[in-house]
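Notes follow once the structure below has been shown.
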Amino acid sequence: MPNTPDERLHPQLHINSYGHYLRRRFGFRISKVNVDAGFTCPNRDGSKGTGGCIYCNNVSFSPRETQAVVPLEEQIAAGMAYHHTRLGSEKFIVYFQKYTNTYGSVELLSDLYRRALDHPDVIGISVGTRPDSLEDEALELLTEIARTKYVCLELGLQSMDDAILQRINRGHTLNDFIQAVNRAGGRNIDLCAHLIFGFPGESAAEFLKTADLMASLPINSLKLHQLHAVEGTELAELYRRGEFTPLALEAYVTTVADFLERLPPRIAIQRLYGSAPLEISVAPQWGLKNNQMWYAIVNELTKRGSWQGFRFAGI
Ligand code: SF4
(Lines give C-alpha, C1' and ligand atoms only; values in the text may rest on other atoms or scores of the structure.)
Protein backbone atom coordinates (compact mmCIF):
# COMPACT_ATOMS: atom_id res chain seq x y z
CA MET A 1 0.00 0.00 0.00
CA PRO A 2 1.68 3.30 -1.07
CA ASN A 3 2.33 5.95 1.57
CA THR A 4 0.87 9.44 1.55
CA PRO A 5 3.31 12.31 0.77
CA ASP A 6 5.31 13.35 3.79
CA GLU A 7 5.19 17.00 4.89
CA ARG A 8 8.98 17.22 4.49
CA LEU A 9 8.73 16.83 0.71
CA HIS A 10 8.95 19.87 -1.51
CA PRO A 11 5.38 20.31 -2.82
CA GLN A 12 6.37 20.63 -6.48
CA LEU A 13 9.48 18.47 -6.59
CA HIS A 14 7.99 15.53 -4.66
CA ILE A 15 11.33 14.95 -2.95
CA ASN A 16 12.93 16.22 0.22
CA SER A 17 15.41 18.44 -1.59
CA TYR A 18 18.38 19.60 0.47
CA GLY A 19 17.63 23.25 -0.29
CA HIS A 20 14.12 22.72 1.04
CA TYR A 21 15.53 20.94 4.12
CA LEU A 22 17.95 23.80 4.86
CA ARG A 23 15.25 26.39 4.46
CA ARG A 24 12.95 24.51 6.84
CA ARG A 25 15.75 24.09 9.36
CA PHE A 26 17.28 27.59 9.23
CA GLY A 27 14.50 29.73 7.78
CA PHE A 28 16.40 31.29 4.87
CA ARG A 29 18.07 30.42 1.58
CA ILE A 30 21.48 28.88 2.08
CA SER A 31 24.04 28.04 -0.59
CA LYS A 32 27.06 25.79 -0.44
CA VAL A 33 30.37 27.37 -1.35
CA ASN A 34 32.94 24.88 -2.65
CA VAL A 35 36.56 25.29 -1.61
CA ASP A 36 39.79 23.50 -2.39
CA ALA A 37 41.78 23.44 0.83
CA GLY A 38 44.77 21.68 -0.73
CA PHE A 39 44.16 18.16 0.54
CA THR A 40 45.23 15.02 -1.28
CA CYS A 41 43.80 11.49 -1.03
CA PRO A 42 45.16 8.40 0.75
CA ASN A 43 43.90 6.29 -2.15
CA ARG A 44 46.42 8.06 -4.35
CA ASP A 45 49.47 8.76 -2.24
CA GLY A 46 50.07 5.12 -1.33
CA SER A 47 48.89 5.17 2.28
CA LYS A 48 45.67 3.31 1.33
CA GLY A 49 46.27 2.74 -2.34
CA THR A 50 47.66 4.18 -5.53
CA GLY A 51 46.04 5.28 -8.75
CA GLY A 52 42.79 6.32 -7.10
CA CYS A 53 39.27 5.23 -7.96
CA ILE A 54 38.96 4.34 -11.64
CA TYR A 55 36.60 7.25 -12.32
CA CYS A 56 38.66 9.88 -10.47
CA ASN A 57 40.26 12.43 -12.75
CA ASN A 58 44.01 11.82 -12.58
CA VAL A 59 44.80 14.74 -14.84
CA SER A 60 43.64 17.20 -12.22
CA PHE A 61 45.78 15.53 -9.59
CA SER A 62 49.08 17.30 -9.38
CA PRO A 63 50.94 18.90 -6.50
CA ARG A 64 50.32 22.32 -8.01
CA GLU A 65 46.60 21.71 -8.33
CA THR A 66 46.17 20.47 -4.80
CA GLN A 67 48.09 23.24 -3.11
CA ALA A 68 45.10 25.51 -3.03
CA VAL A 69 46.60 28.37 -4.95
CA VAL A 70 43.91 30.81 -3.93
CA PRO A 71 43.73 31.51 -0.18
CA LEU A 72 40.73 29.95 1.54
CA GLU A 73 39.21 33.30 2.51
CA GLU A 74 39.34 34.49 -1.11
CA GLN A 75 37.70 31.31 -2.38
CA ILE A 76 34.92 31.73 0.19
CA ALA A 77 34.37 35.41 -0.64
CA ALA A 78 34.21 34.68 -4.39
CA GLY A 79 31.79 31.76 -3.88
CA MET A 80 29.53 33.80 -1.60
CA ALA A 81 29.43 36.70 -4.08
CA TYR A 82 28.54 34.31 -6.91
CA HIS A 83 25.66 32.66 -5.03
CA HIS A 84 24.43 35.96 -3.63
CA THR A 85 24.20 37.44 -7.11
CA ARG A 86 22.76 34.33 -8.76
CA LEU A 87 20.32 33.16 -6.09
CA GLY A 88 20.11 35.94 -3.53
CA SER A 89 21.57 33.66 -0.83
CA GLU A 90 22.36 35.41 2.44
CA LYS A 91 23.94 32.56 4.40
CA PHE A 92 26.42 29.90 3.38
CA ILE A 93 27.89 26.51 4.14
CA VAL A 94 31.54 26.13 3.20
CA TYR A 95 32.01 22.81 1.44
CA PHE A 96 35.46 21.25 1.72
CA GLN A 97 35.06 19.27 -1.47
CA LYS A 98 38.21 18.28 -3.26
CA TYR A 99 39.85 14.96 -2.40
CA THR A 100 39.84 13.82 1.26
CA ASN A 101 39.14 16.70 3.59
CA THR A 102 39.89 15.00 6.89
CA TYR A 103 43.26 13.74 5.67
CA GLY A 104 45.63 15.88 7.72
CA SER A 105 46.70 16.65 11.26
CA VAL A 106 43.96 17.78 13.61
CA GLU A 107 45.78 21.11 13.92
CA LEU A 108 45.56 21.65 10.16
CA LEU A 109 41.91 20.61 10.08
CA SER A 110 41.05 22.88 13.00
CA ASP A 111 42.76 25.84 11.35
CA LEU A 112 40.98 25.33 8.02
CA TYR A 113 37.52 24.63 9.42
CA ARG A 114 37.65 27.53 11.87
CA ARG A 115 38.90 29.98 9.24
CA ALA A 116 35.90 29.01 7.12
CA LEU A 117 33.58 29.56 10.06
CA ASP A 118 35.06 32.95 10.88
CA HIS A 119 32.87 34.74 8.35
CA PRO A 120 29.64 35.95 9.97
CA ASP A 121 27.52 34.73 7.03
CA VAL A 122 28.90 31.20 7.19
CA ILE A 123 26.55 29.05 9.25
CA GLY A 124 28.50 25.83 8.96
CA ILE A 125 30.78 23.51 7.06
CA SER A 126 30.38 20.42 4.94
CA VAL A 127 33.36 18.07 4.84
CA GLY A 128 33.78 15.46 2.10
CA THR A 129 35.88 12.45 2.98
CA ARG A 130 36.44 8.71 2.72
CA PRO A 131 34.93 6.44 5.38
CA ASP A 132 38.37 5.01 6.17
CA SER A 133 39.94 8.44 6.72
CA LEU A 134 38.15 9.59 9.82
CA GLU A 135 40.50 9.55 12.79
CA ASP A 136 39.03 9.90 16.28
CA GLU A 137 40.67 13.32 16.70
CA ALA A 138 39.04 14.63 13.51
CA LEU A 139 35.68 13.29 14.62
CA GLU A 140 36.05 14.95 18.03
CA LEU A 141 36.93 18.24 16.32
CA LEU A 142 33.82 18.07 14.13
CA THR A 143 31.72 17.12 17.17
CA GLU A 144 32.98 20.17 19.04
CA ILE A 145 32.24 22.46 16.08
CA ALA A 146 28.77 20.92 15.75
CA ARG A 147 27.90 22.17 19.25
CA THR A 148 27.57 25.70 17.85
CA LYS A 149 27.62 25.42 14.05
CA TYR A 150 26.05 23.29 11.34
CA VAL A 151 28.33 20.40 10.35
CA CYS A 152 27.72 17.94 7.53
CA LEU A 153 30.09 15.02 7.00
CA GLU A 154 29.95 13.65 3.45
CA LEU A 155 31.09 10.05 3.23
CA GLY A 156 31.73 8.37 -0.10
CA LEU A 157 30.33 4.86 -0.27
CA GLN A 158 29.55 4.73 -4.03
CA SER A 159 28.52 1.05 -3.96
CA MET A 160 27.41 -1.33 -1.20
CA ASP A 161 28.88 -4.25 -3.14
CA ASP A 162 32.41 -5.05 -1.94
CA ALA A 163 33.24 -6.76 -5.26
CA ILE A 164 32.41 -3.53 -7.11
CA LEU A 165 34.36 -1.45 -4.59
CA GLN A 166 37.35 -3.67 -5.26
CA ARG A 167 36.93 -3.48 -9.04
CA ILE A 168 36.82 0.31 -9.00
CA ASN A 169 39.83 0.51 -6.67
CA ARG A 170 38.00 2.32 -3.88
CA GLY A 171 40.29 0.85 -1.26
CA HIS A 172 37.58 0.52 1.41
CA THR A 173 34.68 -1.81 2.10
CA LEU A 174 31.01 -1.47 2.94
CA ASN A 175 31.90 -2.33 6.52
CA ASP A 176 34.31 0.64 6.67
CA PHE A 177 31.41 2.87 5.66
CA ILE A 178 29.00 1.40 8.22
CA GLN A 179 31.59 1.74 10.97
CA ALA A 180 32.26 5.39 10.05
CA VAL A 181 28.52 6.15 10.04
CA ASN A 182 28.03 4.50 13.41
CA ARG A 183 31.01 6.34 14.91
CA ALA A 184 29.81 9.70 13.56
CA GLY A 185 26.14 9.17 14.39
CA GLY A 186 24.52 10.78 17.45
CA ARG A 187 26.93 13.76 17.51
CA ASN A 188 24.65 16.43 15.99
CA ILE A 189 26.58 16.00 12.73
CA ASP A 190 24.50 15.62 9.56
CA LEU A 191 25.67 12.60 7.61
CA CYS A 192 25.56 12.57 3.82
CA ALA A 193 26.33 9.49 1.71
CA HIS A 194 27.62 9.61 -1.87
CA LEU A 195 26.32 6.87 -4.19
CA ILE A 196 26.94 6.05 -7.84
CA PHE A 197 24.73 3.98 -10.12
CA GLY A 198 25.92 2.37 -13.33
CA PHE A 199 28.99 0.33 -12.43
CA PRO A 200 29.82 -2.44 -14.91
CA GLY A 201 27.98 -5.59 -13.94
CA GLU A 202 25.62 -3.79 -11.52
CA SER A 203 21.89 -4.36 -11.98
CA ALA A 204 19.19 -1.85 -11.10
CA ALA A 205 17.77 -4.35 -8.59
CA GLU A 206 21.12 -4.47 -6.78
CA PHE A 207 21.42 -0.70 -6.72
CA LEU A 208 17.90 -0.33 -5.32
CA LYS A 209 18.90 -2.31 -2.24
CA THR A 210 21.10 0.66 -1.35
CA ALA A 211 17.94 2.64 -0.58
CA ASP A 212 17.09 0.08 2.09
CA LEU A 213 20.63 0.28 3.49
CA MET A 214 20.41 4.09 3.69
CA ALA A 215 17.05 3.79 5.43
CA SER A 216 18.60 1.53 8.06
CA LEU A 217 21.41 3.97 8.93
CA PRO A 218 21.44 7.45 10.54
CA ILE A 219 22.00 9.09 7.14
CA ASN A 220 20.52 12.59 6.76
CA SER A 221 21.16 13.29 3.10
CA LEU A 222 22.35 11.72 -0.15
CA LYS A 223 24.18 12.61 -3.31
CA LEU A 224 23.40 10.37 -6.28
CA HIS A 225 25.51 10.27 -9.43
CA GLN A 226 25.53 8.28 -12.63
CA LEU A 227 28.87 6.65 -13.36
CA HIS A 228 30.47 8.84 -15.97
CA ALA A 229 33.88 8.68 -17.56
CA VAL A 230 36.03 11.77 -17.80
CA GLU A 231 39.36 12.27 -19.52
CA GLY A 232 42.42 11.12 -17.67
CA THR A 233 40.74 8.21 -15.91
CA GLU A 234 41.02 4.47 -16.18
CA LEU A 235 37.27 4.40 -16.76
CA ALA A 236 37.70 6.47 -19.94
CA GLU A 237 40.23 3.92 -21.16
CA LEU A 238 37.84 1.07 -20.38
CA TYR A 239 35.16 2.91 -22.36
CA ARG A 240 37.46 3.35 -25.35
CA ARG A 241 38.31 -0.35 -25.26
CA GLY A 242 34.60 -1.20 -25.18
CA GLU A 243 34.82 -2.56 -21.62
CA PHE A 244 32.52 0.04 -20.04
CA THR A 245 29.02 0.57 -21.39
CA PRO A 246 27.55 3.77 -19.97
CA LEU A 247 23.97 3.86 -18.83
CA ALA A 248 21.25 5.17 -21.11
CA LEU A 249 19.51 8.26 -19.77
CA GLU A 250 16.16 6.43 -19.54
CA ALA A 251 17.67 3.64 -17.44
CA TYR A 252 19.21 6.14 -15.05
CA VAL A 253 16.04 8.22 -14.69
CA THR A 254 13.85 5.16 -14.16
CA THR A 255 16.17 3.60 -11.59
CA VAL A 256 16.68 6.80 -9.63
CA ALA A 257 12.90 7.34 -9.51
CA ASP A 258 12.51 3.74 -8.26
CA PHE A 259 15.25 4.43 -5.69
CA LEU A 260 13.57 7.60 -4.46
CA GLU A 261 10.27 5.80 -4.07
CA ARG A 262 11.99 3.33 -1.71
CA LEU A 263 13.85 5.97 0.25
CA PRO A 264 12.41 7.38 3.48
CA PRO A 265 11.30 11.03 3.18
CA ARG A 266 13.49 12.02 6.14
CA ILE A 267 16.63 11.71 3.92
CA ALA A 268 17.30 14.96 2.04
CA ILE A 269 18.52 14.83 -1.56
CA GLN A 270 21.59 16.92 -2.30
CA ARG A 271 22.23 15.68 -5.86
CA LEU A 272 20.41 13.55 -8.40
CA TYR A 273 23.10 13.31 -11.10
CA GLY A 274 26.75 14.07 -11.71
CA SER A 275 28.13 16.56 -14.16
CA ALA A 276 31.57 17.19 -15.61
CA PRO A 277 32.99 20.03 -17.68
CA LEU A 278 32.17 19.36 -21.36
CA GLU A 279 35.81 19.48 -22.40
CA ILE A 280 36.71 16.46 -20.25
CA SER A 281 33.41 14.56 -20.40
CA VAL A 282 33.79 11.26 -22.28
CA ALA A 283 30.67 9.16 -21.61
CA PRO A 284 27.76 9.06 -21.24
CA GLN A 285 26.91 12.19 -23.22
CA TRP A 286 23.25 12.80 -22.51
CA GLY A 287 23.25 16.36 -23.80
CA LEU A 288 21.17 17.72 -20.94
CA LYS A 289 21.95 20.74 -18.82
CA ASN A 290 22.04 20.34 -15.04
CA ASN A 291 18.52 21.58 -14.36
CA GLN A 292 17.19 19.44 -17.23
CA MET A 293 18.71 16.36 -15.57
CA TRP A 294 17.14 17.31 -12.26
CA TYR A 295 13.72 17.79 -13.86
CA ALA A 296 13.99 14.59 -15.92
CA ILE A 297 13.89 12.71 -12.61
CA VAL A 298 11.37 14.96 -10.89
CA ASN A 299 9.11 14.74 -13.96
CA GLU A 300 9.36 10.95 -13.89
CA LEU A 301 7.97 10.96 -10.34
CA THR A 302 5.24 13.40 -11.41
CA LYS A 303 4.34 11.22 -14.38
CA ARG A 304 4.04 8.21 -12.09
CA GLY A 305 2.01 10.15 -9.53
CA SER A 306 4.55 9.10 -6.90
CA TRP A 307 7.07 10.73 -4.57
CA GLN A 308 10.08 10.08 -2.37
CA GLY A 309 9.03 7.42 0.09
CA PHE A 310 6.05 6.27 -2.03
CA ARG A 311 7.11 2.65 -1.55
CA PHE A 312 9.12 3.05 1.64
CA ALA A 313 8.23 0.03 3.69
CA GLY A 314 9.44 1.39 7.02
CA ILE A 315 12.19 0.02 9.20
S1 SF4 B 1 38.56 8.59 -2.79
FE2 SF4 B 1 37.84 10.39 -3.93
S3 SF4 B 1 39.67 11.66 -4.25
FE4 SF4 B 1 40.36 9.63 -3.63
S5 SF4 B 1 40.78 8.57 -5.57
FE6 SF4 B 1 38.68 8.06 -4.97
S7 SF4 B 1 37.36 9.60 -5.98
FE8 SF4 B 1 39.50 10.35 -6.06
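Average accessible surface for the stretch 18-304: 43 Å² per residue, computed with a 1.4 Å probe over protein heavy atoms with every protein chain in place.
Here the sum of -39500 (n - 2.57) over DSSP H runs of 4 or more residues, divided by the residues of the chain, equals -11000 deg cm²/dmol at 222 nm, to the nearest 500. Taking amide H as placed 1.01 Å from N in the peptide plane, residue 273 has its amide H under 5 Å from the amide H of 224, each at least 5 places away in sequence or on another chain.
Of the GluC sites (Glu not before Pro) found in the stretch 235-305, those that fall in a DSSP loop while having at most 10 other beta-carbon atoms within 10 Å are 243, 279. Taking amide hydrogens as placed 1.01 Å from N in the peptide plane, the amide H of residue 170 sits under 5 Å from that of no residue at least 5 positions away in sequence or on another chain. Placing a label point 7 Å from the Cα of residue 275 along the Cα-to-Cβ direction, the residues of the stretch 10-33 whose backbone N falls under 17 Å of that point are 18-19, 31-33. Size descriptors for the stretch 18-304: radius of gyration and Dmax over Cα atoms are 18.4, 52 Å. 3J(HN,Hα) along the stretch 71-76: x, 3, 4, 6, 4, 5 Hz, from the Karplus curve 6.51 cos²θ - 1.76 cosθ + 1.60 with θ = phi - 60°, whole Hz, x for Gly and Pro.
Can you check what the net charge comes to around residue 235, using other residues whose Cβ is under 12 Å from the Cβ of residue 235 (Lys, Arg +1; Asp, Glu -1)?
-1
As a length-normalised measure over Cα pairs under 8 Å and 6 or more apart, the relative contact order of the stretch 72-196 settles at 23 percent. The H on the amide N of residue 33, modeled in the peptide plane, is under 5 Å from the matching H of 93, 94, 95, each at least 5 residues off or on a different chain.
Given R0 = 30 Å, the distance between the Cβ atoms of residue 137 and residue 50 translates into a calculated FRET efficiency of 0.70. Rounded to the nearest Hz, the phi-derived 3J(HN,Hα) couplings of the stretch 240-253 under the Karplus curve 6.51 cos²θ - 1.76 cosθ + 1.60 (θ = phi - 60°) are 5, 8, x, 9, 9, 9, x, 5, 7, 3, 4, 5, 5, 4, where x marks glycine and proline. Computed as a quarter of the hull surface, the mean projected area of the alpha carbon convex hull for the stretch 153-287 stands at 8.3 nm².
Residue 209: which lysines have alpha carbons under 24 Å from its alpha carbon, excluding same-chain residues fewer than 8 sequence positions away? Leaving aside lysines fewer than 8 places away in the same chain, those within reach of residue 209 are 223, 303. Using the Cβ-Cβ distance between residue 240 and residue 12 with R0 set to 51 Å, the FRET efficiency from 1/(1 + (r/R0)^6) comes to roughly 0.80. Summarise the accessible area of the chain (1.4 Å probe, protein heavy atoms) by the percent that is carbon and sulfur. The C+S portion of the solvent-accessible surface of the chain is 51 percent. The alpha carbon centroids of the stretch 159-206 and the stretch 225-304 are separated by 18 Å. Each DSSP beta bridge with both residues in the stretch 18-304 is either parallel or antiparallel, and the antiparallel ones are about 10%. Ranking 5, 80, 308 by Cα position along the charge dipole of the chain, where only Lys, Arg, Asp and Glu carry charges on their C-beta atoms, puts 5 farthest toward the positive end.
The values are calculated or read from the model by the stated rules, or taken from the named source; none is laboratory data. Source: prediction; values computed, not measured. Positions of Cβ are backbone-derived with ideal geometry, glycine not excepted, and every protein chain shown enters the neighbour counts. Just the protein is used for accessible areas: all its heavy atoms, side chains included, with ligands, DNA and RNA removed. Shrake-Rupley method; radii C 1.70, N 1.55, O 1.52, S 1.80 Å.
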